[in-house]
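The values are calculated or read from the model by the stated rules, or taken from the named source; none is laboratory data. All values derive from a computational prediction rather than experimental measurement. Note that we place each Cβ from the backbone using ideal geometry, even for glycine, and neighbour counts take in every protein chain shown.
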(Lines give C-alpha, C1' and ligand atoms only; values in the text may rest on other atoms or scores of the structure.)
Protein backbone atom coordinates (compact mmCIF):
# COMPACT_ATOMS: atom_id res chain seq x y z
CA UNK A 1 0.00 0.00 0.00
CA UNK A 2 1.52 3.31 -1.14
CA UNK A 3 0.28 6.89 -0.98
CA UNK A 4 1.67 10.06 -2.56
CA UNK A 5 0.89 13.27 -0.69
CA UNK A 6 2.39 16.13 1.31
CA UNK A 7 3.60 15.08 4.77
CA UNK A 8 4.62 16.95 7.90
CA UNK A 9 5.93 14.99 10.89
CA UNK A 10 5.39 17.07 14.04
CA UNK A 11 7.04 16.10 17.32
CA UNK A 12 4.54 16.71 20.11
CA UNK A 13 7.39 17.42 22.56
CA UNK A 14 8.48 20.59 20.71
CA UNK A 15 6.27 22.98 22.74
CA UNK A 16 7.90 21.62 25.91
CA UNK A 17 11.20 23.05 24.70
CA UNK A 18 9.63 26.30 23.45
CA UNK A 19 9.89 25.26 19.79
CA UNK A 20 7.34 25.32 16.98
CA UNK A 21 6.92 23.07 13.99
CA UNK A 22 7.76 24.31 10.53
CA UNK A 23 4.09 24.16 9.58
CA UNK A 24 4.71 23.12 5.98
CA UNK A 25 4.52 19.69 4.42
CA UNK A 26 6.90 18.20 1.86
CA UNK A 27 6.10 15.82 -0.97
CA UNK A 28 6.49 12.23 0.14
CA UNK A 29 5.63 8.62 -0.60
CA UNK A 30 4.12 6.65 2.28
CA UNK A 31 4.32 2.84 2.30
CA UNK A 32 2.94 0.20 4.63
CA UNK A 33 4.98 -3.01 4.63
CA UNK A 34 6.81 -5.64 6.66
CA UNK A 35 10.32 -5.11 7.97
CA UNK A 36 12.66 -7.18 10.18
CA UNK A 37 12.95 -5.78 13.71
CA UNK A 38 16.60 -6.36 14.59
CA UNK A 39 15.97 -6.12 18.36
CA UNK A 40 13.81 -9.26 18.50
CA UNK A 41 14.40 -10.71 15.00
CA UNK A 42 10.69 -10.53 14.21
CA UNK A 43 8.93 -9.07 11.20
CA UNK A 44 6.61 -6.21 12.06
CA UNK A 45 4.43 -3.91 9.96
CA UNK A 46 5.87 -0.41 9.56
CA UNK A 47 4.89 2.88 8.02
CA UNK A 48 7.74 4.27 5.91
CA UNK A 49 7.93 7.91 4.79
CA UNK A 50 10.25 8.76 1.88
CA UNK A 51 10.99 12.35 0.81
CA UNK A 52 13.30 13.99 -1.71
CA UNK A 53 15.86 14.59 1.06
CA UNK A 54 15.45 11.14 2.58
CA UNK A 55 14.66 8.70 -0.20
CA UNK A 56 15.68 5.69 1.94
CA UNK A 57 12.82 6.61 4.29
CA UNK A 58 11.98 6.84 7.98
CA UNK A 59 10.11 3.90 9.52
CA UNK A 60 7.45 3.90 12.23
CA UNK A 61 6.01 0.78 13.84
CA UNK A 62 2.23 0.50 13.48
CA UNK A 63 1.04 -2.45 15.61
CA UNK A 64 -0.53 -1.15 18.84
CA UNK A 65 1.22 2.16 18.21
CA UNK A 66 -1.52 4.45 16.78
CA UNK A 67 -3.08 6.66 19.41
CA UNK A 68 -5.66 8.38 17.22
CA UNK A 69 -6.76 9.17 13.65
CA UNK A 70 -7.94 12.67 12.73
CA UNK A 71 -10.10 12.37 9.62
CA UNK A 72 -12.49 15.34 9.66
CA UNK A 73 -11.16 16.58 6.28
CA UNK A 74 -10.45 13.28 4.59
CA UNK A 75 -12.74 14.25 1.68
CA UNK A 76 -10.35 17.14 1.03
CA UNK A 77 -7.34 14.79 1.00
CA UNK A 78 -6.26 15.68 4.56
CA UNK A 79 -5.77 13.55 7.68
CA UNK A 80 -3.45 13.13 10.69
CA UNK A 81 -2.13 9.95 12.30
CA UNK A 82 -1.00 10.30 15.94
CA UNK A 83 1.61 7.76 17.06
CA UNK A 84 2.34 6.72 20.65
CA UNK A 85 6.07 6.08 20.20
CA UNK A 86 7.73 8.26 19.09
CA UNK A 87 5.32 11.04 20.14
CA UNK A 88 4.71 12.45 16.68
CA UNK A 89 1.74 13.53 14.59
CA UNK A 90 1.99 12.60 10.91
CA UNK A 91 -0.07 15.19 9.02
CA UNK A 92 -1.11 14.27 5.48
CA UNK A 93 -2.45 16.71 2.87
CA UNK A 94 -2.94 17.10 -0.90
CA UNK A 95 -3.75 13.41 -1.24
CA UNK A 96 -6.31 11.77 -3.48
CA UNK A 97 -9.33 11.33 -1.19
CA UNK A 98 -10.09 7.72 -2.17
CA UNK A 99 -6.44 6.64 -1.95
CA UNK A 100 -6.15 8.31 1.45
CA UNK A 101 -9.21 6.46 2.77
CA UNK A 102 -7.78 3.12 1.62
CA UNK A 103 -4.40 3.96 3.17
CA UNK A 104 -5.94 4.87 6.52
CA UNK A 105 -7.97 1.65 6.51
CA UNK A 106 -4.77 -0.35 5.99
CA UNK A 107 -3.09 1.57 8.84
CA UNK A 108 -6.01 0.75 11.17
CA UNK A 109 -5.74 -2.95 10.34
CA UNK A 110 -1.98 -2.86 10.96
CA UNK A 111 -2.50 -1.13 14.31
CA UNK A 112 -4.92 -3.89 15.37
CA UNK A 113 -2.39 -6.54 14.40
CA UNK A 114 -4.34 -8.05 11.51
CA UNK A 115 -2.57 -10.80 9.63
CA UNK A 116 -0.38 -10.02 6.65
CA UNK A 117 -2.86 -11.80 4.36
CA UNK A 118 -5.52 -9.15 5.04
CA UNK A 119 -3.17 -6.19 4.51
CA UNK A 120 -2.19 -4.71 1.13
CA UNK A 121 1.52 -4.55 2.03
CA UNK A 122 4.24 -2.92 -0.06
CA UNK A 123 7.96 -3.54 -0.28
CA UNK A 124 9.79 -1.04 1.93
CA UNK A 125 12.46 0.08 -0.52
CA UNK A 126 13.87 3.53 -1.37
CA UNK A 127 11.77 5.49 -3.87
CA UNK A 128 12.74 7.04 -7.18
CA UNK A 129 13.40 10.79 -7.34
CA UNK A 130 10.42 11.38 -9.64
CA UNK A 131 8.07 9.78 -7.10
CA UNK A 132 8.71 12.53 -4.56
CA UNK A 133 8.65 15.50 -6.92
CA UNK A 134 6.12 18.25 -6.29
CA UNK A 135 2.84 17.46 -8.07
CA UNK A 136 2.52 18.95 -11.53
CA UNK A 137 -0.17 21.63 -11.71
CA UNK A 138 0.17 22.85 -15.30
CA UNK A 139 0.59 20.98 -18.58
CA UNK A 140 0.67 22.29 -22.16
CA UNK A 141 0.53 20.03 -25.20
CA UNK A 142 0.51 21.68 -28.65
CA UNK A 143 1.55 18.75 -30.84
CA UNK A 144 -0.05 15.39 -31.47
CA UNK A 145 3.28 13.58 -31.05
CA UNK A 146 3.49 14.86 -27.46
CA UNK A 147 0.00 13.67 -26.57
CA UNK A 148 0.10 11.00 -23.81
CA UNK A 149 -1.48 7.94 -25.37
CA UNK A 150 -0.24 5.34 -22.88
CA UNK A 151 -0.15 7.09 -19.49
CA UNK A 152 -2.64 9.10 -17.47
CA UNK A 153 -2.50 12.85 -16.94
CA UNK A 154 -1.09 13.86 -13.53
CA UNK A 155 -4.07 13.85 -11.17
CA UNK A 156 -2.86 17.11 -9.57
CA UNK A 157 -3.25 19.21 -12.75
CA UNK A 158 -5.03 22.53 -12.30
CA UNK A 159 -4.39 23.85 -15.83
CA UNK A 160 -4.38 21.71 -18.97
CA UNK A 161 -3.98 22.87 -22.56
CA UNK A 162 -4.23 20.37 -25.41
CA UNK A 163 -4.25 22.19 -28.75
CA UNK A 164 -3.48 21.29 -32.38
CA UNK A 165 -3.82 17.56 -31.60
CA UNK A 166 -6.77 16.87 -33.95
CA UNK A 167 -8.90 15.53 -31.11
CA UNK A 168 -12.39 14.58 -32.31
CA UNK A 169 -13.69 14.11 -28.75
CA UNK A 170 -12.66 14.92 -25.19
CA UNK A 171 -10.40 12.27 -23.67
CA UNK A 172 -12.14 10.59 -20.71
CA UNK A 173 -8.84 10.73 -18.79
CA UNK A 174 -9.22 14.51 -18.65
CA UNK A 175 -12.61 14.12 -16.95
CA UNK A 176 -11.01 12.48 -13.91
CA UNK A 177 -8.82 15.54 -13.15
CA UNK A 178 -10.86 16.77 -10.19
CA UNK A 179 -8.49 19.68 -9.38
CA UNK A 180 -8.72 21.11 -12.91
CA UNK A 181 -9.50 24.83 -12.99
CA UNK A 182 -8.64 25.68 -16.59
CA UNK A 183 -9.19 23.40 -19.59
CA UNK A 184 -8.02 24.66 -22.99
CA UNK A 185 -8.93 22.38 -25.91
CA UNK A 186 -8.74 25.01 -28.62
CA UNK A 187 -7.80 24.24 -32.23
CA UNK A 188 -9.00 20.65 -32.35
CA UNK A 189 -11.83 18.82 -34.17
CA UNK A 190 -14.21 18.30 -31.22
CA UNK A 191 -17.83 17.94 -32.36
CA UNK A 192 -19.63 17.24 -29.09
CA UNK A 193 -19.10 17.88 -25.38
CA UNK A 194 -19.75 15.00 -22.96
CA UNK A 195 -22.17 15.71 -20.12
CA UNK A 196 -19.55 14.41 -17.67
CA UNK A 197 -17.44 17.52 -18.23
CA UNK A 198 -19.90 19.07 -15.79
CA UNK A 199 -18.45 16.81 -13.07
CA UNK A 200 -15.22 18.84 -12.99
CA UNK A 201 -16.18 20.60 -9.78
CA UNK A 202 -13.40 23.25 -9.84
CA UNK A 203 -13.53 24.22 -13.53
CA UNK A 204 -13.65 28.00 -13.93
CA UNK A 205 -12.26 28.40 -17.49
CA UNK A 206 -13.31 26.32 -20.50
CA UNK A 207 -11.70 27.28 -23.81
CA UNK A 208 -13.01 25.53 -26.91
CA UNK A 209 -12.45 27.99 -29.74
CA UNK A 210 -11.62 26.72 -33.22
CA UNK A 211 -13.36 23.34 -32.99
CA UNK A 212 -16.35 21.74 -34.78
CA UNK A 213 -18.98 22.12 -32.05
CA UNK A 214 -22.57 22.14 -33.30
CA UNK A 215 -24.41 22.01 -29.96
CA UNK A 216 -24.00 22.96 -26.31
CA UNK A 217 -26.06 20.53 -24.23
CA UNK A 218 -28.68 21.39 -21.61
CA UNK A 219 -27.01 18.92 -19.22
CA UNK A 220 -23.88 21.08 -19.04
CA UNK A 221 -25.99 24.13 -18.21
CA UNK A 222 -27.55 22.26 -15.28
CA UNK A 223 -24.30 20.72 -13.96
CA UNK A 224 -21.88 21.97 -11.29
CA UNK A 225 -20.57 24.42 -13.91
CA UNK A 226 -23.41 26.64 -12.66
CA UNK A 227 -21.33 27.38 -9.56
CA UNK A 228 -17.79 27.45 -11.04
CA UNK A 229 -17.59 28.47 -14.70
CA UNK A 230 -16.45 32.08 -15.18
CA UNK A 231 -14.91 32.08 -18.67
CA UNK A 232 -16.37 30.20 -21.65
CA UNK A 233 -14.86 30.53 -25.13
CA UNK A 234 -16.97 28.91 -27.86
CA UNK A 235 -15.77 31.13 -30.70
CA UNK A 236 -15.02 29.79 -34.19
CA UNK A 237 -17.31 26.78 -34.03
CA UNK A 238 -20.53 25.77 -35.83
CA UNK A 239 -23.15 26.68 -33.22
CA UNK A 240 -26.55 27.79 -34.54
CA UNK A 241 -28.23 28.21 -31.17
CA UNK A 242 -27.73 27.84 -27.43
CA UNK A 243 -30.28 26.22 -25.09
CA UNK A 244 -32.61 28.29 -22.94
CA UNK A 245 -30.93 26.73 -19.89
CA UNK A 246 -27.63 28.35 -20.92
CA UNK A 247 -28.46 31.26 -18.63
CA UNK A 248 -28.19 28.95 -15.62
CA UNK A 249 -24.40 29.45 -15.89
CA UNK A 250 -24.75 32.49 -13.66
CA UNK A 251 -21.11 32.75 -12.59
CA UNK A 252 -20.04 33.63 -16.16
CA UNK A 253 -17.94 36.78 -16.38
CA UNK A 254 -16.49 36.38 -19.87
CA UNK A 255 -18.40 34.80 -22.79
CA UNK A 256 -16.97 34.51 -26.31
CA UNK A 257 -19.24 33.40 -29.16
CA UNK A 258 -17.55 34.99 -32.19
CA UNK A 259 -17.61 33.41 -35.65
CA UNK A 260 -20.34 30.84 -35.20
CA UNK A 261 -23.67 30.55 -37.05
CA UNK A 262 -25.86 31.85 -34.25
CA UNK A 263 -29.22 33.16 -35.41
CA UNK A 264 -30.21 34.19 -31.88
CA UNK A 265 -28.75 34.61 -28.41
CA UNK A 266 -30.20 32.79 -25.36
CA UNK A 267 -33.64 34.16 -24.52
CA UNK A 268 -32.79 35.02 -20.89
CA UNK A 269 -29.25 36.28 -21.48
CA UNK A 270 -29.98 39.21 -19.17
CA UNK A 271 -30.03 36.80 -16.20
CA UNK A 272 -26.24 36.53 -16.37
CA UNK A 273 -25.82 39.23 -13.74
CA UNK A 274 -22.05 38.74 -13.37
CA UNK A 275 -21.32 38.87 -17.11
CA UNK A 276 -18.91 41.70 -17.93
CA UNK A 277 -17.37 40.75 -21.29
CA UNK A 278 -19.48 39.53 -24.21
CA UNK A 279 -18.38 39.04 -27.80
CA UNK A 280 -20.62 37.55 -30.48
CA UNK A 281 -19.16 39.13 -33.61
CA UNK A 282 -19.60 37.64 -37.09
CA UNK A 283 -22.71 35.55 -36.46
CA UNK A 284 -26.17 35.63 -38.08
CA UNK A 285 -27.99 37.71 -35.45
CA UNK A 286 -30.94 39.70 -36.77
CA UNK A 287 -32.00 41.03 -33.35
CA UNK A 288 -31.14 40.76 -29.66
CA UNK A 289 -33.38 39.11 -27.03
CA UNK A 290 -35.68 41.34 -25.03
CA UNK A 291 -33.96 41.15 -21.63
CA UNK A 292 -30.60 41.99 -23.20
CA UNK A 293 -31.29 45.40 -21.64
CA UNK A 294 -30.64 43.95 -18.15
CA UNK A 295 -26.95 43.27 -18.85
CA UNK A 296 -24.27 45.43 -17.22
CA UNK A 297 -21.15 44.94 -19.30
CA UNK A 298 -17.70 46.44 -19.50
CA UNK A 299 -17.03 45.40 -23.09
CA UNK A 300 -19.43 44.35 -25.87
CA UNK A 301 -18.58 43.26 -29.43
CA UNK A 302 -21.39 42.49 -31.89
CA UNK A 303 -19.63 43.57 -35.10
CA UNK A 304 -20.48 41.87 -38.36
CA UNK A 305 -24.03 40.66 -37.64
CA UNK A 306 -26.83 41.24 -40.19
CA UNK A 307 -28.98 43.28 -37.82
CA UNK A 308 -32.31 44.31 -39.34
CA UNK A 309 -33.35 47.95 -39.18
CA UNK A 310 -36.19 47.91 -36.60
CA UNK A 311 -39.69 49.07 -37.51
CA UNK A 312 -42.19 49.09 -34.62
CA UNK A 313 -45.03 48.62 -37.13
CA UNK A 314 -43.46 45.44 -38.48
CA UNK A 315 -44.90 43.13 -35.86
CA UNK A 316 -45.61 39.44 -35.32
CA UNK A 317 -49.15 38.97 -34.07
CA UNK A 318 -49.74 35.87 -31.96
CA UNK A 319 -52.91 36.70 -30.10
CA UNK A 320 -56.22 34.86 -29.81
CA UNK A 321 -59.58 36.27 -28.78
CA UNK A 322 -60.53 35.35 -26.20
CA UNK A 323 -57.19 34.45 -24.63
CA UNK A 324 -57.11 30.65 -24.06
CA UNK A 325 -57.52 29.39 -20.51
CA UNK A 326 -54.09 27.66 -20.62
CA UNK A 327 -52.45 30.97 -21.51
CA UNK A 328 -54.27 32.76 -18.68
CA UNK A 329 -53.16 30.09 -16.22
CA UNK A 330 -49.56 30.25 -17.46
CA UNK A 331 -49.54 34.04 -17.17
CA UNK A 332 -50.87 33.78 -13.61
CA UNK A 333 -48.07 31.35 -12.67
CA UNK A 334 -45.43 33.69 -14.14
CA UNK A 335 -46.88 36.95 -12.75
CA UNK A 336 -47.47 35.57 -9.25
CA UNK A 337 -44.13 33.69 -9.26
CA UNK A 338 -45.83 30.43 -8.31
CA UNK A 339 -43.31 27.56 -8.04
CA UNK A 340 -43.64 24.92 -10.75
CA UNK A 341 -41.77 21.93 -12.09
CA UNK A 342 -42.19 18.68 -14.08
CA UNK A 343 -43.42 17.00 -10.88
CA UNK A 344 -46.40 19.40 -10.84
CA UNK A 345 -47.22 20.20 -14.48
CA UNK A 346 -46.35 18.64 -17.88
CA UNK A 347 -42.79 19.18 -19.11
CA UNK A 348 -43.84 21.11 -22.22
CA UNK A 349 -45.63 23.66 -20.04
CA UNK A 350 -42.47 24.07 -17.97
CA UNK A 351 -40.54 24.80 -21.15
CA UNK A 352 -43.14 27.39 -22.19
CA UNK A 353 -42.92 29.11 -18.80
CA UNK A 354 -39.14 29.22 -19.04
CA UNK A 355 -39.61 31.41 -22.12
CA UNK A 356 -42.21 33.76 -20.63
CA UNK A 357 -41.99 37.25 -22.16
CA UNK A 358 -42.20 40.48 -20.16
CA UNK A 359 -44.56 43.10 -21.54
CA UNK A 360 -44.01 46.87 -21.26
CA UNK A 361 -46.81 46.94 -18.67
CA UNK A 362 -44.75 44.72 -16.33
CA UNK A 363 -46.86 41.58 -16.80
CA UNK A 364 -45.83 38.34 -18.50
CA UNK A 365 -47.18 36.63 -21.61
CA UNK A 366 -46.23 33.09 -22.60
CA UNK A 367 -47.46 31.68 -25.92
CA UNK A 368 -49.77 34.51 -27.05
CA UNK A 369 -48.25 37.94 -27.63
CA UNK A 370 -47.31 40.66 -30.12
CA UNK A 371 -43.62 40.89 -30.99
CA UNK A 372 -41.74 43.72 -32.62
CA UNK A 373 -38.23 45.21 -32.59
CA UNK A 374 -37.00 48.55 -31.30
CA UNK A 375 -33.62 50.20 -31.61
CA UNK A 376 -31.34 50.38 -28.58
CA UNK A 377 -28.03 52.15 -28.13
CA UNK A 378 -25.66 49.48 -26.84
CA UNK A 379 -23.96 51.98 -24.55
CA UNK A 380 -27.01 51.52 -22.30
CA UNK A 381 -25.68 48.07 -21.34
CA UNK A 382 -21.92 48.37 -21.85
CA UNK A 383 -19.20 50.87 -21.02
CA UNK A 384 -17.19 49.99 -24.13
CA UNK A 385 -18.91 49.02 -27.39
CA UNK A 386 -17.22 47.81 -30.56
CA UNK A 387 -18.95 49.41 -33.55
CA UNK A 388 -21.83 47.31 -34.84
CA UNK A 389 -21.05 48.03 -38.51
CA UNK A 390 -18.61 49.82 -40.79
CA UNK A 391 -20.80 52.93 -40.64
CA UNK A 392 -19.84 53.64 -37.05
CA UNK A 393 -23.16 52.75 -35.45
CA UNK A 394 -23.64 51.50 -31.90
CA UNK A 395 -27.39 50.83 -32.15
CA UNK A 396 -28.91 47.37 -32.50
CA UNK A 397 -32.48 46.00 -32.72
CA UNK A 398 -33.93 44.46 -29.56
CA UNK A 399 -37.05 42.30 -29.44
CA UNK A 400 -40.01 43.69 -27.54
CA UNK A 401 -43.18 41.83 -26.50
CA UNK A 402 -46.72 42.95 -25.64
CA UNK A 403 -49.36 40.92 -23.82
CA UNK A 404 -52.37 42.63 -25.45
CA UNK A 405 -53.50 44.99 -28.21
CA UNK A 406 -53.99 47.80 -25.69
CA UNK A 407 -50.35 47.56 -24.53
CA UNK A 408 -49.16 47.54 -28.15
CA UNK A 409 -51.37 50.51 -29.06
CA UNK A 410 -50.08 52.50 -26.11
CA UNK A 411 -46.51 51.76 -27.20
CA UNK A 412 -47.25 52.96 -30.76
CA UNK A 413 -48.89 56.13 -29.46
CA UNK A 414 -45.86 56.90 -27.31
CA UNK A 415 -43.54 56.20 -30.25
CA UNK A 416 -45.50 58.60 -32.48
CA UNK A 417 -45.44 61.32 -29.83
CA UNK A 418 -41.67 60.94 -29.39
CA UNK A 419 -41.28 61.20 -33.17
CA UNK A 420 -43.33 64.41 -33.31
CA UNK A 421 -41.27 66.00 -30.55
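Within the range 306-347, the set of residues being in a loop (DSSP other than H, G, I, E, B) and in contact with a strand residue (DSSP E or B) (Cβ under 8 Å, 6 or more places away or on another chain) comprises 307, 308, 309, 310, 311, 312, 313, 314, 315, 319. For the range 400-410, indicate whether the set of residues that are without any contact (Cβ under 8 Å) to a residue 24 or more places away in the chain and either surrounded by 15 or more Cβ atoms within 10 Å (Cβ to Cβ) or farther than 19 Å from residue 315 by Cα (or both) is non-empty. Within the range 400-410, none of the residues are without any contact (Cβ under 8 Å) to a residue 24 or more places away in the chain and either surrounded by 15 or more Cβ atoms within 10 Å (Cβ to Cβ) or farther than 19 Å from residue 315 by Cα (or both).
Applying the criterion of at least 2 residues that are farther than 30 Å from residue 207 by Cα, outside the structural domain of residue 205 (by TED's automatic domain parsing) and in contact with a helix residue (DSSP H, G or I) (Cβ under 7 Å, 6 or more places away or on another chain) to the strands (runs of 3 or more DSSP E) found wholly in the range 63-169 leaves 66-70, 79-83.
Please work out if residue 216 is surrounded by 19 or more Cβ atoms within 10 Å (Cβ to Cβ), within 18 Å of the chain's Cα centre (by Cα) and farther than 20 Å from residue 385 by Cα. It is true that residue 216 is surrounded by 19 or more Cβ atoms within 10 Å (Cβ to Cβ), within 18 Å of the chain's Cα centre (by Cα) and farther than 20 Å from residue 385 by Cα. Return yes when residue 383 is more than 20 Å from residue 291 (Cα to Cα) and loosely packed, with under 15 Cβ neighbours inside 10 Å and no when it is not. In short, no.
Across the range 230-251, the qualifying residues are those that are assigned to a loop (DSSP other than H, G, I, E, B) and in contact with a helix residue (DSSP H, G or I) (Cβ under 9 Å, 6 or more places away or on another chain), and the one among them that is surrounded by the fewest Cβ atoms within 10 Å (Cβ to Cβ) is 250.
Quick check on this structure: which one of 300, 275 is in a loop (DSSP other than H, G, I, E, B), surrounded by 20 or more Cβ atoms within 10 Å (Cβ to Cβ), modelled with pLDDT of 90 or more and not assigned by TED's automatic domain parsing to the domain that holds residue 399?
Matching residue, one of 300, 275: 275.
When residues in the range 140-157 are screened for being crowded, with 16+ Cβ neighbours inside 10 Å and either at pLDDT 90 or above or touching a strand residue (DSSP E or B) at 6+ places or on another chain (Cβ under 6 Å) (or both), 2 of them pass.
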